Each structure stands twice: as C-alpha cells, then as structure tokens.
1. Among the residues of the range 258-298, write down those that are in a loop (DSSP other than H, G, I, E, B), closer than 28 Å to Cys53 by Cα and open to solvent by 50 Å² or more (accessible area, probe 1.4 Å).
2. Check off (1) within 19 Å of Leu203 (Cβ to Cβ); (2) open to solvent by 20 Å² or more (accessible area, probe 1.4 Å) for Leu240 and give me the number that stays unchecked.
3. List every residue pair whose Cβ atoms sit under 6 Å apart, with the two residues 6 or more apart in sequence or on different chains, where the first one lies in the range 163-186 and is within 19 Å of Gln152 (Cα to Cα) and outside the structural domain of Phe239 (by TED's automatic domain parsing) and the second, anywhere, is among the aliphatic types (A, V, I, L, M) and surrounded by 19 or more Cβ atoms within 10 Å (Cβ to Cβ).
4. Considering Leu149, Leu139, which residue is away from ligand 2 (no atom under 16 Å from the Cβ), more than 19 Å from the chain's Cα centre (by Cα) and among the aliphatic types (A, V, I, L, M)?
5. List, please: which pairs have Cβ atoms under 7 Å, are six or more places apart or on different chains, and start with a residue in the range 85-100 that is closer than 13 Å to Leu68 by Cβ and end with one that is in a loop (DSSP other than H, G, I, E, B) and near ligand 1 (Cβ under 9 Å from one of its atoms)?
6. Looking only at residues in the range 29-47 that are over 14 Å from Val100 (Cβ atoms) and in contact with a helix residue (DSSP H, G or I) (Cβ under 6 Å, 6 or more places away or on another chain), which one is farthest from ligand 2 (Cβ to nearest atom)?
7. When the residues of the range 59-77 are filtered to those that are open to solvent by less than 70 Å² (accessible area, probe 1.4 Å) and within 16 Å of Val99 (Cβ to Cβ), which remaining residue is farthest from ligand 1 (Cβ to nearest atom)?
8. Could you tell me whether Gly228 is surrounded by 15 or more Cβ atoms within 10 Å (Cβ to Cβ), under 24 Å from Lys30 (Cβ atoms) and at pLDDT below 95?
Amino acid sequence: MKNITNIQKFSVHDGDGIRTSVFFKGCPLKCAWCHNPETQRYGREMQYDSEKCTGCGACVKVCPSQALVMKDGKPVLNREVCTLCGRCENYCPAGIREVVGREYTVKELVKELMKDQIFYEDSGGGVTFSGGEVMTMDLEYLLAVAKELRRQDVTLTIDTCGYVPYERFKAILPYVDTFLYDVKVMDSKLHNQYMGVDNKLILENLIRLAGDGARIYIRIPVIKEVNGNEKNMKETIAFLKEHDIHPPQINLLPYHDTGSGKYPKLDMEYKGTDLHAPERAEMEEFVRLFQEAGFQNTKIGG
Ligand code: SF4
Ligand code: SF4
C-alpha cells in the first residue's frame, strides 16, 4: 500500500524548518482523537460533505454502479458497491465529493517534493512522511523515495506511531534524519483502550531505534482523560531515563478536536467527544517535570 491523501506544503509543525509533508493512507492504530480519519483505513475511499450538499441528485444520476440513492433529499453511498470511479466527483456542481487517496510513482512523488527545494534550503527544512502510519507502507517504495531525497540533499523526517516490525525501521534508518516518535500513554491497558493496541512493541522499537543511533523527537499528544496527568508524565520520564534515551526535543501537544468534522464525510464516528486538553497551567507543569529531569528542550506544541 502507498496511497497518499495529501501533500501539504509549507508545514512548520512536522519537524525542523519549512517542510513538505506527505500523508500516507492507512494506520494500524485507531486513536480516539485522530485528526486525520481519512488516513486511518488502507485503500482509496469516497468522502462527501453532506452539510454542503444541495440535494441536486446529479451524483446519483451519473453513477454507473448504482452505488448512490437519494434518501431524505441527500445521496447515500453504498461503499461496498462503489468502484471509486470518480465520476460523481466530476459531476457534483458543489464540488463536495472526493475520492481520497492517490498513488504516485517514485518519480512523480520526488518531482513534486523537489518543487520546494528552495524553501528547504533557506529554512533548514525538508520532507516529512506522515499519515496514517507511513512505516506500514510498501517498504521498497519508501526506500526508493528516501534514497532519492538523500541523493538530492533533502532531509527526511518520519512521523511514526512506532507500531511496526523493527526490521522496517532498521532498513530506512540510514536515510532518515529525524523521527517524530509518538509516545502516547505508558499504561498499556489505557493504550489498548484508546489506540486499539497495547504499547509493548512501540516502546520496544523506541528503545532499539535510540540504541541504533536514530535522532528522535518524542511527541506526546496530551489528553486530560488519557495521559494528561503527573503520573503518566513521570512514568514517561522514568522510561526515557531507564533506557538512556536522550531526545533532542520533546513536544507536548495539547488535545484539539479540529479533525472531528471530517468523520461524517467518511461515515465514521468520532470517538473523542468526551476528551479535553489539560489547562495551560497543567501543560506548563508537565513541561517543568521534563525539564527538571534533564530534558531541557521540552515544549508545548509542535
Ligand atoms: S465514485 Fe463512481 S461508483 Fe462510486 S459513487 Fe461515485 S460514481 Fe458511483
Ligand atoms: S451532486 Fe453533489 S450537491 Fe448534488 S446531490 Fe450529489 S453530492 Fe449533493
């Protein structure tokens, strides 16, 4: 799999400098607060914004597969029948239907990424692979793009949840400048509850990656009901110290629900409605805990 949902230019929150971020489609985790639900499922899919739909019915008429029927003045999609031909997307006068996910060849992707080379050079930026979980994509493909970027002196950052066989990290490590590594919650049961998998493999991979000399920024999405407490932060600090992991940067990212509006477009349910960001003072206290433990470059935000 190597579908891409978006290539975002001028990104300043996905690593150093100005970056172009590539969002890959498909992830083994199901985080309750995921901001990018369009990257959760593998494979292409149709999304449509029913709020902006005028109910004109053009999409129903042009669909060659009878995948759409009008119900209460709005089109309803049978995803099992839809072939993702894209015809309804082209005919929708409101422009609110879209097949999400597109494959790029290595050459096409590198060409697109190199358009921003001047910004990388001027800002100390580069390319970030994000998602979804990029490390679950076609490894041969990832390596080919990574090698080409390295050949052209463009730095590569990989934003990862860490939940993949370690051999994949080992293979791409020589071509990666920085990993943005998510450490969500130290309690394995809570991890399972909110992410759908436990954290054993993720923590093991982090230890191995650090041991193999990778440059790693730790990213912690902070959610009051899940990990936004002193206990979890102290356990995270203890883990880093115990395993001699010295990230040059730690980012504490307060919860926000800006992705929640995307869920209905994909017939998905947002499971983060009862979640909240900690108060600013609590976030500052968490930063203080990390800094006192020797992790000076800990900050709020990306
Ligand atoms: S993408 Fe094609 S098959 Fe799917 S709903 Fe649109 S027109 Fe029908
Ligand atoms: S063509 Fe667009 S605006 Fe018209 S019914 Fe379909 S989705 Fe709604």
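The values are calculated or read from the model by the stated rules, or taken from the named source; none is laboratory data. Every value quoted in this text rests on a predicted model; they were computed, and no experiment measured them. Because the Cβ atoms are built from the backbone with ideal geometry, glycine has one as well, and the counts that use them run over all protein chains shown. The protein model used for the area step is the full one, side chains on, heavy atoms only, and it has no ligands, DNA or RNA in it. Shrake-Rupley method; radii C 1.70, N 1.55, O 1.52, S 1.80 Å.
1. Residues of the range 258-298 that are in a loop (DSSP other than H, G, I, E, B), as a first pass: 258-259, 263, 267-279, 293-297.
With closer than 28 Å to Cys53 by Cα added as a condition, the list becomes 258-259, 263, 267-273.
Correct list: Thr258, Asp267, Glu269, Lys271, Thr273.
2. (2)
3. The qualifying pairs do not exist here.
4. The conditions single out Leu149.
5. Partner pairs satisfying both residue conditions: Cys85/Pro64; Arg87/Cys63; Arg87/Pro64; Cys88/Cys63.
6. Leu29
7. Pro75
8. no
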